[in-house]
Amino acid sequence: MKIFRTSSDMNAFSREVRRKGGRVGLVPTMGYLHQGHISLAKIAKEHSGFVVLSNFVNPTQFGPNEDFERYPRDLQRDNNLCEQAGVDAVFAPPVEEIYGRNESVWVVEDSLSTVLCGKSRPGHFRGVCTVVAKLFNIVEPDIAVFGMKDYQQLKIIEQMVRDLKFQIRIIRAPIVREPDGLAMSSRNKYLSPEERKNALAISAGIKEAAKKISAGCKDYKKIKSELALRISQSGGKLDYVEILDADSLHEFSYKNPSKNILVAVAAFYGKTRLIDNAIVGR
Ligand code: AMP
């Protein structure tokens with residue numbers, strides 16, 4: 001497995017693969033890998049011969065009071081996991097390789113980013129879109145895989161690819177969960193055993209809400225308040241609970257329910273902000 005630190009080495013590798021007729025699949029991550037990330041690498045392998053996993057904690061997607069400094073990092077452990085998973089190349093650049101000193105160009109999505117995490121984390125998706133656009137330009141992949149765990153991010157990247165005409169196919173990967181239902185996340189490491197147990201209210205509550213919607217319940221307000229109550233009773237501090245049209249991320253009415261419905265939650269357990277969601281197809 002190759003490990004690249006510079007954009008030029010990364011790009012030369014990708015170009016060489018493609019010159020020989022190969023296809024390149026990219027899995028962008030912020031590292032501290034878990035089985036959710038590994039599942040993305042496996043999906044990328046099915047769609048392309050060569051898998052590049054980028055491992056970069058992107059400073060511009062963190063707010064001033066967020067966890068950029070303490071975000072967990074362990075490159076050696078990550079590289080071992082990548083090697084076992086059949087990743088062909090890891091791109092792990094230092095910050096200076098991705099951000100120059102006097103940068104003034106950003107990629108801003110200004111519709112889907114106004115709700116959910118975009119509303120509570122101003123500037124977050126500007127950082128995400130900008131770094132992903134840079135990674136696309138450096139790696140020049142044929143496909144890129146994103147997890148549905150970060151459903152809003154996935155929707156925004158799909159929109160960016162359409163609007164900016166990136167010649168890249170985006171593949172959606174399902175959420176990988178711990179056996180008890182908690183969605184895997186690098187941030188789960190922050191949770192105390194007690195918070196870890198309490199945080200199960202998120203996945204269990206979303207599952208319950210999705211079940212009610214599938215069964216035809218259209219009282220979305222009630223479903224939302226029950227889910228919110230379950231999370232706050234477990235000790236979680238709610239950021240949001242939303243039930244939205246999964247395609248537009250808009251609210252919809254009782255009379256005109258959407259085809260695909262997104263149930264999305266963000267909540268803090270202690271200092272740790274967790275997100276999770278489910279899509280209910282009608
Ligand atoms: P992150 O390192 O958290 O920025 O995530 C990198 C990629 O892995 C994103 O596309 C995430 O949506 C995806 N991902 C993170 N956690 C999971 C999970 N539990 N299941 C599936 N994909 C995930």
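The values are calculated or read from the model by the stated rules, or taken from the named source; none is laboratory data. All of these numbers come straight from a predicted model, not from anything done at the bench. In this analysis, Cβ positions are derived from the backbone assuming ideal geometry, glycine residues included, and neighbour counts consider all displayed protein chains. Accessible surface is based on the protein model in full, side chains and every heavy atom, while ligands, DNA and RNA are left aside. Shrake-Rupley method; radii C 1.70, N 1.55, O 1.52, S 1.80 Å.
If the condition is being touching a residue at least 40 places away in the same chain (Cβ under 8 Å) and not in a loop (DSSP other than H, G, I, E, B), then the stretch 113-122 contributes S113, L116, C117, K119, S120. Taken over the stretch 1-20, the criterion of being in contact (Cβ under 8 Å) with a residue 24 or more places away in the chain and either open to solvent by less than 30 Å² (accessible area, probe 1.4 Å) or farther than 15 Å from G86 by Cα (or both) is satisfied by F4, R5, T6, S7, M10, N11, F13, S14, R15, V17, R18. Could you tell me whether the stretch 56-65 includes any residue that is in contact with a strand residue (DSSP E or B) (Cβ under 8 Å, 6 or more places away or on another chain), open to solvent by less than 30 Å² (accessible area, probe 1.4 Å) and of a type in the set (S, T, N, Q)? No, because not a single residue in the stretch 56-65 is in contact with a strand residue (DSSP E or B) (Cβ under 8 Å, 6 or more places away or on another chain), open to solvent by less than 30 Å² (accessible area, probe 1.4 Å) and of a type in the set (S, T, N, Q).
Quickly run through the stretch 29-77 and pick out the residues that are of a type in the set (S, T, N, Q) and touching a Pro at 6+ places or on another chain (Cβ under 6 Å).
S54, the sole residue that qualifies.
Scanning the stretch 43-54 for residues that are within 15 Å of the ligand (Cβ to nearest atom) and open to solvent by less than 20 Å² (accessible area, probe 1.4 Å) yields A44, V51, V52, L53, S54.
Look through the stretch 123-172, keep the residues that are assigned to a helix (DSSP H, G or I) and of a type in the set (D, E, K, R), and return whichever of them is nearest to R18 (Cα to Cα). Applying the filter and picking the extreme gives K134. From the list A215, A209, A264, the lone residue that is within 30 Å of G31 (Cα to Cα) and either modelled with pLDDT of 95 or more or touching a Gly at 6+ places or on another chain (Cβ under 6 Å) (or both) is A264. Flag not set for P94, criterion: open to solvent by 10 Å² or more (accessible area, probe 1.4 Å) and within 30 Å of K237 (Cα to Cα). Cβ-Cβ contacts under 7 Å between residues 6 or more apart (or on different chains), taken from a first residue in the stretch 21-42 that is more than 8 Å from the ligand (Cβ to nearest atom) to a second residue that is at pLDDT below 95 and of a type outside the set (S, T, Y), are listed as G22/G49; R23/G49.
Quick check: is even one residue across the stretch 106-128 open to solvent by 30 Å² or more (accessible area, probe 1.4 Å), within 13 Å of the ligand (Cβ to nearest atom) and of a type outside the set (S, T, N, Q)? No, every residue in the stretch 106-128 fails to be open to solvent by 30 Å² or more (accessible area, probe 1.4 Å), within 13 Å of the ligand (Cβ to nearest atom) and of a type outside the set (S, T, N, Q).
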